[in-house]
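For reference, the structure discussed in these notes is given below.
The values are calculated or read from the model by the stated rules, or taken from the named source; none is laboratory data. As the structure is a computational prediction, the values presented were derived from the model and not from experiment. With ideal geometry, Cβ positions are generated from the backbone for all residues, glycine too; neighbour counts draw on all protein chains shown.
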């Protein structure tokens, strides 16, 4: 197999690889970055490809390891929206306290 064949075959399963990585990382940007990094790593290490498995299996293994490394570096799975909102609410004091709301109603003529 040649480098040109690597590129051609990589293009045939690139979308499938991105979907796989999106499920692993839960981030479209991370998945896209890992697809590119996996291609570059496969290209650089092409001479170590022994052909004992398909090229697709080999590249998916590289990409899977890169995704695991990324998740390990982040030290946890992505936060949920609820977690982010809770942290944001706790870090910002309320704009209106109950006493401010009561006086706002009184000054506007509402009871």
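State which residue pairs qualify: first residue on the phi > 0 side of the Ramachandran plot and inside region 48-77, second residue surrounded by 12 or more Cβ atoms within 10 Å (Cβ to Cβ) in any location, beta carbons under 9 Å apart, and separation of 6 or more residues or different chains.
51/58
Tell me which of these residue 96 doesn't satisfy, since it passes every other one: (1) modelled with pLDDT under 90; (2) out of contact with any helix residue (DSSP H, G or I) (no Cβ under 8 Å at 6 or more places or on another chain).
(2)
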